[in-house]
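Take a look at the structure below.
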Amino acid sequence: MSASSHQIRRTFLDFFASRGHEVVPSAPIVPQNDPTLMFVNAGMVPFKDVFTGKERRPYTRAASSQKCIRISGKHNDLENVGVTARHHTFFEMLGNFSFGDYFKEEAITSAWELLTKVYGVPKERLVVTVFKGEGGFPADEEAASLWRKVTGFGDDRILRLGMADNFWSMGDTGPCGPCSEIHFFTGDEVDLSRFGEEPRLDGSGWTEIWNLVFMQYDRAEKDAPVAPLPAPSIDTGMGLERISFVLQGVTSNYDTDLLRPLVERAAEIAGKKYGASQAPDDVSMRVIADHARTTAFLVAEGVMPEKQRREYVLRRVMRRAIRHGYRLGIEKPFLHEVALLVVDRMGDVYPELRERRELIARVTEDEEVRFRATLKRGIKILDERFVEMRASSEGTLSAPAAADLYTTYGFPLDLTQVICAEHGYGVDVDGAEKIIKGADEADGPIDPNAAVDPSYRLAREKLASPVAFTGYEREAGESEIVAIILVEKKDGSDKPTRTLVDRAPSGARVELVVKETPFYAESGGQVGDIGVITAGDLKFHVGDTQRPLTGLVVHEGEIESGEVKVGEKVSLVVDHAARSATRRNHSATHLLHWALRKVLGEHAQQKGSRVGPDMLRFDFAHNKPLTREEIERIEDLVNNKVLENAPVLTEVLPVDEARKRGAVAIFEEKYGDVVRMLTMTQDSIELCGGTHARALGDIGLFKITGEGGVAAGVRRVFAATGKNALGYVRGLEDDIQKARQVAKAQGGDLAEKIGKIVAHERELEKKLAELERRLIEGGGPGGGGGGGGIDAMLAEARDVSGIKVLARRMPDGTQAAALREIAEKLRDKLGETSLVLVGAVDAGKAQLTVMVSKAATGRVKAGDVIKNVAAIVGGRGGGRPDMAQAGGPEVGKLDEAIAATYGEVERLVTA
């Protein structure tokens, strides 16, 4: 069977539906029933309580395609993502489950029928594993007998493995039992003779594609004896990515239709060609593809990139992808483009992606903009540190240096580890974590007032009374400079210092304090005003207006000409266009709040907002996404009120009276005894201190541009008004027009034309994938160290005192993780008694990796081999008996070091 991943998923669910299984939609990635889990990491997680008896459902057998993320705890394979063909952070798990209904026979029979008869997987490329018995548990002879009966296999294809591979438990307590795996061979020719007393499948061309768990025991307490489970159950899991790579005839999960388009999009943005190799650029493209999926799905579920728990995991994944884009030479935000392709390709199956498309785009792009500044600073600092470390022959970045990157610059510690490892350096992680933790504890709880810069307190002391705001009535005014705060950055620090001065010259960055001002200081979700302050030769551009302390307003900006002096009379003029756009957006939030409550119910109360000249963001209480129909009703309600053009009435009155008249208090706003009450219509009466339109018609067109979740029970709407809304609509028209031109569409046949283009693209992708597969299998040039496929490399192996030894240079730029993967593959191909050393130049350093087979470690250790070989390139190394790595600065001697491997092995073996 050769099918799309969509068809493979559908076939699986239909197959089990025809056998009486309830097809259950994917549960959210954020667990609803297990607070101990960061994310749902297996298909059975949503059914945990059903298996343990805590929950009952109206069915006893189920099937699902479950969204999963494995990125923390024992399942943390983050560093292998993009390097291997099968590791991912996000994946889909196909599963069928029995809750005390059928057991081993039906599970095994169904799995075999689906794989070999429905999907058409050739059984000669399959082997199965069963539990051999260990830890006081008996061998699973029942499963072995059933596999013989169903498949016709002999014991050469029914392999027996121990608890590490073929026994499953939910934890220290609860259901547990043996499991049985189905493995598919991806190589050229199946060789069963290699399986001995202890068969090894991983890394030998065999890939696990399905795991059948037989829950038949129960452990009441930790370390207590187990008892038979009253109702034995079935839990199976088959990764959609893996079965897709099998059925689509490709050599990597990243070449399936689930991931290859995302890889190609990353390549397109980078302006490079994807080569499906272990070259650094190709690894980076695969990392971006994988991490874009995780990003899209987590943001769609309301997880935002922040500093705690799940939010931090998302931030870490996003920043890792952004960093790989940075090393590819991508100079502008790009991750949101790849994430939106995830939305386009998977939105039909997971509609929450499309419902939160705008949120995914905005959150992803905003995070990248923020992190690029941090990344640039951190890499610059590390590069400078590497120069010092090379000069002093240091091999490890010190704890204070690593901690300072985090505490001062916000540079993640794990990213410091990655970059240091790529340059051949370690990091004192334990020491850095202690310093970071100590700094956090020393800071203690933060008092907002205590954190205020002392210069603001001094400036407020110079005021006879609080700064008066005159901007409700006018956008210009006259006042007197009361205080000048000079803002400077010293010694490359990003933290500015503030000093109270009597005067400041042209070019200085300052914060000005006046007696009264028409400039609105940021508060209540409305951004601060911008504009100019002038007096004689003085021209000062106000870039923001803030209220750092109660009663104090500061105008932030730079002196364009002249100088500013305390006591000087000045003219203040607010930017009219920016103020008007902000007023439109702010007034629209009040109508939006009213419309949301009318359409969704009174529970849809405001939970925060952000309004400025080009922004209208509104958070509200609601526990599910808005439907298309709800959005249209909300837009119609707001626009109908705008068309009525009723005047906006503002009254200043006691807070108690305002409440008696039905005024709504806005989320987390603080009110005094006297308040400003804003009446838009008889239905919209709210307390608000911001600036607003004089009539509803001033708002212009109102258009919702995005909607999504930001927290449990909280939704967020993005909208545009006035000229911003017109620009949004014109942007959509431009996109449609460009699509028509590209598709050469006329009239209403755009969708049909695009459908034909997509179908043609898919056909080309299949042909390209087949061509690339043939090229990979045939080998290719070796970039810095020769060429040839795997077989050509294996032919270079030499017999050294009974050990097959192969020393080979890989293409320059091959990273350490890729060298490990290649060395392991070559070692497994060479046979039971083998040693492989591979090397490459990466990031200006010679990198070496040694892999030794288990049978050979009794005669020669990987760490011993690499010790003297690495010395040739001026480096040091070490590792386990079966694997060791090293690096050195003398790249010109890499070939000499590789060639010396054979003599070094002979010396060690015969010593």
Problem - Residue identified as more than 28 Å from ARG628 (Cα to Cα) and either modelled with pLDDT under 95 or not charged (D, E, K, R) (or both) among TYR350, TYR312 - result: TYR312
Problem - Answer residue from segment 73-121, given it is in contact with a strand residue (DSSP E or B) (Cβ under 8 Å, 6 or more places away or on another chain), within 30 Å of ARG309 (Cβ to Cβ) and assigned to a loop (DSSP other than H, G, I, E, B) and is modelled with the lowest pLDDT among those - result: ARG86
Practice task
Starting from residues that are in contact with a strand residue (DSSP E or B) (Cβ under 9 Å, 6 or more places away or on another chain) and among the charged types (D, E, K, R), keep the ones in segment 584-599 and report whichever is farthest from VAL611 (Cα to Cα).
Solution key: ARG597
Fill in the blank from the handout: In segment 284-309, residues that are crowded, with 23+ Cβ neighbours inside 10 Å and in a helix (DSSP H, G or I) total 17
Practice task
Select the strands (runs of 3 or more DSSP E) contained entirely in segment 483-550, then report the ones holding at least 3 residues which are among the hydrophobic types (A, V, I, L, M, F, W, C) and either modelled with pLDDT under 95 or crowded, with 23+ Cβ neighbours inside 10 Å (or both).
Solution key: 509-514, 538-549
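Every residue, every condition in (1) surrounded by fewer than 22 Cβ atoms within 10 Å (Cβ to Cβ); (2) among the acidic types (Asp, Glu); (3) free of Cβ contacts under 8 Å to residues at least 60 places away in the same chain, yes or no:
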position: ARG219; (1), (2), (3): yes, no, yes
position: PHE245; (1), (2), (3): no, no, no
position: SER252; (1), (2), (3): yes, no, no
position: VAL263; (1), (2), (3): no, no, yes
Problem - Total residues in segment 133-179, condition in contact (Cβ under 8 Å) with a residue 24 or more places away in the chain, small (Gly, Ala, Ser) and under 16 Å from GLU208 (Cα atoms) - result: 1
Fill in the blank from the handout: Among residues of segment 125-149 being in a helix (DSSP H, G or I) and of a type in the set (Gly, Ala, Ser), the residue farthest from HIS183 (Cα to Cα) is SER145
Exercise for the section: Output yes when any residue across segment 569-576 is touching a residue at least 12 places away in the same chain (Cβ under 8 Å), outside any helix (DSSP H, G or I) and more than 20 Å from GLU473 (Cα to Cα), and no when none is. Expected result: yes
Exercise for the section: Go through the residues of segment 528-548 one by one and say whether even a single one is more than 30 Å from GLY378 (Cα to Cα), in contact with a Lys or Arg (Cβ under 7 Å, 6 or more places away or on another chain) and charged (D, E, K, R). Expected result: yes
Handout entry: Test: ALA911 is among the hydrophobic types (A, V, I, L, M, F, W, C) and farther than 22 Å from GLY424 by Cβ
Key = yes
Handout entry: Matching residues, segment 843-900, being assigned to a loop (DSSP other than H, G, I, E, B) and of a type in the set (Gly, Ala, Ser)
Key = ALA843, GLY844, SER853, GLY858, GLY874, GLY875, ALA900
Practice task
Go through segment 536-568 and count every residue that is polar (S, T, N, Q) and within 18 Å of GLU478 (Cα to Cα).
Solution key: 1
Problem - Filtered residue count, segment 456-482, keeping only those that are among the small types (Gly, Ala, Ser), assigned to a strand (DSSP E or B) and crowded, with 18+ Cβ neighbours inside 10 Å - result: 2
Practice task
Return yes or no: is PHE386 outside the structural domain of LEU616 (by TED's automatic domain parsing), over 23 Å from the mean Cα position of the chain (by Cα) and either touching a residue at least 12 places away in the same chain (Cβ under 8 Å) or outside any loop (DSSP other than H, G, I, E, B) (or both)?
Solution key: yes
Exercise for the section: Return yes when GLY706 is over 29 Å from PRO654 (Cβ atoms), of a type in the set (Gly, Ala, Ser) and touching a strand residue (DSSP E or B) at 6+ places or on another chain (Cβ under 8 Å) and no when it is not. Expected result: yes
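Per-residue answers, yes or no, for (1) surrounded by 15 or more Cβ atoms within 10 Å (Cβ to Cβ); (2) not aliphatic (A, V, I, L, M):
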site: ASP383; (1), (2): no, yes
site: PHE386; (1), (2): yes, yes
site: ALA391; (1), (2): no, no
site: ASP404; (1), (2): yes, yes
site: GLN417; (1), (2): yes, yes
site: TYR425; (1), (2): yes, yes
site: ASP430; (1), (2): no, yes
Practice task
Considering each residue of segment 265-274, count those that are without any contact (Cβ under 8 Å) to a residue 24 or more places away in the chain, surrounded by fewer than 19 Cβ atoms within 10 Å (Cβ to Cβ) and not acidic (Asp, Glu), and give that number.
Solution key: 1
Problem - Selection status of GLY713, in contact with a strand residue (DSSP E or B) (Cβ under 8 Å, 6 or more places away or on another chain), at pLDDT 90 or above and either surrounded by fewer than 18 Cβ atoms within 10 Å (Cβ to Cβ) or more than 23 Å from TRP594 (Cα to Cα) (or both) - result: no
Practice task
Find the residue count for segment 685-710, including only residues that are in a strand (DSSP E or B) and surrounded by 16 or more Cβ atoms within 10 Å (Cβ to Cβ).
Solution key: 12
Problem - Boolean, PRO305 is in contact (Cβ under 8 Å) with a residue 40 or more places away in the chain and out of contact with any helix residue (DSSP H, G or I) (no Cβ under 6 Å at 6 or more places or on another chain) - result: no
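The values are calculated or read from the model by the stated rules, or taken from the named source; none is laboratory data. Small disclaimer: the values here were computed from a predicted structure and weren't measured. Ideal geometry is used to build each Cβ from the backbone, glycine not excepted, and the neighbour counts take in all protein chains shown.
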